[in-house]
Every structure is written in structure tokens, then in C-alpha cells.
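The values are calculated or read from the model by the stated rules, or taken from the named source; none is laboratory data. Computed from a prediction, not measured in an experiment: that's the story for all the values here. As a convention, Cβ positions derive from the backbone with ideal geometry for all residues, glycine included, and neighbour counts pool all protein chains shown. Heads up: the accessible areas ignore ligands, DNA and RNA and are worked out on the full protein's heavy atoms, side chains in. Shrake-Rupley method; radii C 1.70, N 1.55, O 1.52, S 1.80 Å.
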Protein chains: 2
Amino acid sequence: MAVTRNTSKARKTREPLAPDPALGEGGDGGGHFNPHLPDVDYGVLDTLTGYAIRRAQIRIYEDFVRSLAAWQITPPRFSALQIIARNPGVRLTDLARILGIARSGAVMLFDALEAMQLVAREPSPTDRRAYALALTATGRQTLAAVTEAVCDHDARIGAQLSEAERQTLLRLLDKLAPGEPWQS
Amino acid sequence: MAVTRNTSKARKTREPLAPDPALGEGGDGGGHFNPHLPDVDYGVLDTLTGYAIRRAQIRIYEDFVRSLAAWQITPPRFSALQIIARNPGVRLTDLARILGIARSGAVMLFDALEAMQLVAREPSPTDRRAYALALTATGRQTLAAVTEAVCDHDARIGAQLSEAERQTLLRLLDKLAPGEPWQS
DNA sequence: TATTGTTATACTCTATAACTATA
DNA sequence: TATAGTTATAGAGTATAACAATA
């Protein structure tokens, strides 16, 4: 089937997905990731830029999901909400490209947010194939609160750094990930 | 079933998994992730430490997998090989804790490396329940070549940075991800 | 009773490919 | 012919829970 906007058939909404079972406190991998256990020789891993970033990313992801659990908001969902809020009328294809995921993934991500009443598909004024993605009123209110929680989380993870250090970190990370791929 | 080490029944070896279909050049998400498209308003995302790290991590992961495709080595596989090489006799439970994954995941990861003839289970001298994990002769040779390729990759992604900047980056990332979780 | 390795199962995420409607 | 959105399917990766052997 294709775009069912103008038919009476209700769209199949997807259930809001669980935030991330990887972080359940229950049993096995339940604890917190410790990036540097004592009595362990990490070898070359300790000298690699890539591993240092991976370590940080795991910890940040954990804290993000914990901090936003009450809203069922994960990092990709927050990114999508921000992009939609700041770029009104983006299409699903745009969203996919911006987030670096496949179009089908963008549809699933958006469907989850739609089931949470945070976003809606509006008709594109220029292309009858496409939708203009938008936040609902609820979505705008929720995003305001969520953004505050995300900024709190981000401040918490950066608390060990001075503001000057944090700016330096952002600048160096930006240089690390330029627009064009690195030369092979 | 439990530990079948001393029986004649052959263990079920797992096929080496494909490196990561997410990076296929074929169709949809096939291109390279561009962390900062023009004409897109990223809003608060541009100010978040967490998003900057996520951007960098995606790009680094892509380049890692591309660089190591010939060996079928992914970041988790490389980490596991390094840990086993530098900490002879670690058990599967140790490996899981070090890498921050569940024990069942460590088994699957190790099984994949075993199917590639890079590692082997040796009897633990002190605990008949456990194995002492070790590299095979092939594993040691392969790891030497793979480590060189990984270091080349890491140098490439850090090429935009001076060595002083790279050291600063590592130091700041280390401060960001300390041993203990951040205070809620 | 607790721990080690193992297996079964489930779920998330992501991709590829085919399809409909429209450009 | 190409593009937008959708769906189906498949795969990797991770988790939880139960189990046998051993501590």
C-alpha cells in the first residue's frame, strides 16, 4: 500500500517502544558500564581515539535513557523531535538523511512518536506524495520539558569539565567528524 | 546443557557474522553519514556534548568497519581480541564485565571469533566450571596485522588534529567517563 | 546456595527490496 | 523514469531467564 492519507482506512499506529531493555536493572548486564576496570590491561585500546569515544558514548547513552525514562524518549527520538521542531515541513526522506538512517527507519521512528501523540503528518503543500512533518501542541509542550531534562543530563555528564574545557571538547570533536569522509 | 568440554560431542560453532549490514553501499542508507548538513537547523543538538560525541562515534564506527572489512573484524571483536591477548586466562564472565555486555553476549562474541579460528577455550587450572580464554597462533598473527590496520584507521580519523590536540581530546573524554556513574 | 557457561527466547534497531501513488 | 512513503523481511546485537555442572 502507499500513502493512505485520503482514505478512511485508519493508519496502523505503532506502539511506543520500550526505551531500551539493555538498561534493565534486573539481572545480568544490569549494572553500570565501567569503562576502566582495575587489574585489566586494555592494551592499545587505551591509546585509541575511537575507543575513548566509544567508552564515553556508552556511558552517556545510559545516563540519557535513565534521565528521560519518564518520557520514553531515547536519543534518536529526541533528535527527531528537535529536527522536526526546528525545520517545520521536513519530509520523512529529509529526516532519514539528516539522522543518517534508512527511510524505513525514519517511518518507524516517526510512527512511534505519532503513537505518543507528539507529532503528526500534514499534507505537503507542494508534493502530494510527501508529508510535511510537524509537532502537535502536545509535542511542543512535551519537547520543552524534555529539552530541559536533556540539557540537565548534558550538564551532568559534563560536570567534571570547566566550560572552557567543554568548548574545547566540542571543537575537537567537530574537527574529528568533518562533513566529508576521511581519505582511505 | 552445560559445559561439554570433556565430552566427545563437538561444540556447535557459530558462523562468522557479517560485519554490519548497516553499512552496505547498496541502496538506501548506503551513503556516508553527514553530521552537519547545510540548510538544516539542528537547534539545541549543536550545543550538546552528547550529540557531538554521537556524531563522531557514528563516523568512526563507519570508517572502522570499512577499514577492517577484509578481516571481518568489528569494534567489539577487536576489543575482545585485545582483552584476551593482554589478559591471558580471562573467563567469559570477566570478558562480559570488561566489555559491558551480558554473559550470553560474550559467549556469542567468542563463538564467532572461535569459528574464525582466532581464539580457543582452554581448561581453567583452578575452576572446572570455567575456561581460560586464549588466542590461537593464527589469532596472534591476525591480531598483529589487525592492530596495525586499526591504528592506521585511528590515525586517519585523528588526522585533522595535532598530537597535542589529540592528547587533550583523550584527556577530556576520560574526565567525561569516570569510573563511577554521574550523580542523579 | 552461588557461580560459570550455555541455550532459548524476545525485542530493538537497522537495512534491503518490492510496492503504490505521484512527480 | 525517478522519487516519497510504506511494508515485509532479514540480520546483528542485546537482554532476560532457565538450566547443568561445579564451587
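Some notes on this structure:
- With its label point defined 7 Å out from Cα along the Cα-to-Cβ axis, residue A:127 lies at 5.8 nm from the matching points of the other copies, in increasing order.
- Separation of the stretch A:109-141 from the stretch A:45-75 is 28 Å, based on Cα centroids.
- Sorted from closest to farthest, the other copies place their residue A:175 label points 1.7 nm away, with each point set 7 Å from Cα along Cα→Cβ.
- Distance from the B-onto-A rotation axis is smallest for the Cβ of the chain B residue given, in whole Å, as B:57, 2.
- Across identical copies of the chain, residue A:151 has label-point separations of 4.5 nm, listed in ascending order, with the point defined 7 angstrom from Cα along Cα→Cβ.
- Nonpolar atom fraction for the stretch B:45-174, defined as the carbon and sulfur part of the 1.4 Å probe accessible area, stands at 52 percent.
- Solvent exposure of the stretch A:44-167 as accessible area per residue, Å², 1.4 Å probe: 42 Å²
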